[in-house]
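Here is the structure we will look at.
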Amino acid sequence: MEKKRIDKIEPKHIQALMANLAEPGIKKTPKTKDPKKIVSAPKECLAPSSIKKHYELLSCIFAKAVRWELLPNNPCSRVEPPKLIRSQKELYDQKTLLSFLQKIETEDIKCRLWVLLAFTGGLRREEIFGLEWKHVNFEKCPLRIAQASVYTVATGTILKDTKNKSSNCVISVPASVIKLLKLHKSEQAKTRLKLGDKWQESGRVFTQWNGIPAHPHSFNTWIRKFCTENKFPNISPHMFRHMSATYLITSGTDIRTVSGKLGHSRTSVTLDIYSHLVGNAEQETANTMEAFLSTATEKKLDPNKNKAVNIADSSNSNRKTAQKK
């Protein structure tokens, strides 16, 4: 697009940019030396969420310029924000999930922990690999989520802050998961003693064979192989986080608690993502109230029935007494 000074940008230019961002081929693909892959690679589009983030960033920049009196108004304010349509996640049903959890019992302990932390704690993959032993409270079962481990080609595996301030929190996990973490720590200590000087201490819960931080993508690599070998539908590590929220909401946990568990910045974010589940749960409240009213009606009728029986019994008793006399 043609370059323009900030004070020359109008709403029509913002609209043209948003349209351009939605075109196929705008997304950069990883570089490869194989010419066949370059030719066959499909032209990808930016995700609707990415386009909306571009809009929000521009709007923020223009708003700051208006506040500094560099511009008379914000051109983004006169442009309709890109619509964000969230697709319903393809998750395992309860039967498949239970079968999956049973099947991983024979897997390596660290792989089992990846799944259990993602499902029972609602943790993101980067949060799981950012865990250090100092973040685990073995007595009270909470975990401190204080950082995330990410990988980029430019930097390698590094630590960064959590996704937002709300993600930096303490969450509780089942005692059985804490027990498994204890066992994992014990095995890690044995490996450290065995390797001696070859061990590179990082303090991380999940490491490579020599103690350096494990690659976050190793979760994806393992789960892809596991699903293929055991004939489970392909699933990503992040889907266990969605299944965690799904289970909690459909079980009746209030949305504020679920939001805190997931580390969302606002409850509205949770409502937006899981609105279809909240709607189903809300429908269940009508069924619950119907059951309560039915019970109340039955209890109201029972005393009358009992009273009628008592009166009849009393009349029969009086009749028998009179006959005896």
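For (1) in contact with a Leu (Cβ under 7 Å, 6 or more places away or on another chain); (2) modelled with pLDDT under 80, each residue gets a yes or a no:
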{"residue": "ILE9", "(1), (2)": "no, no"}
{"residue": "PRO24", "(1), (2)": "no, no"}
{"residue": "LYS28", "(1), (2)": "no, yes"}
{"residue": "THR32", "(1), (2)": "no, yes"}
{"residue": "SER40", "(1), (2)": "no, yes"}
{"residue": "LYS52", "(1), (2)": "yes, no"}
{"residue": "SER59", "(1), (2)": "no, no"}
{"residue": "PHE62", "(1), (2)": "yes, no"}
{"residue": "LEU70", "(1), (2)": "no, no"}
*So, of the residues in the range 105-123 that are among the hydrophobic types (A, V, I, L, M, F, W, C) and crowded, with 18+ Cβ neighbours inside 10 Å, which turns out to be nearest to MET243 (Cα to Cα)?*
PHE119
*Pick from LEU131, LEU183: which is within 23 Å of THR257 (Cα to Cα), at pLDDT 90 or above and either within 25 Å of the chain's Cα centre (by Cα) or exposed (fewer than 15 other Cβ atoms within 10 Å of the Cβ) (or both)?*
LEU131
*How many residues does the range 74-131 contain that are of a type in the set (Asp, Glu), closer than 26 Å to GLU56 by Cα and not in a helix (DSSP H, G or I)?*
1
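The values are calculated or read from the model by the stated rules, or taken from the named source; none is laboratory data. Note that the structure is predicted; figures quoted are calculated from it, not measured. Because the Cβ atoms are built from the backbone with ideal geometry, glycine has one as well, and the counts that use them run over all protein chains shown.
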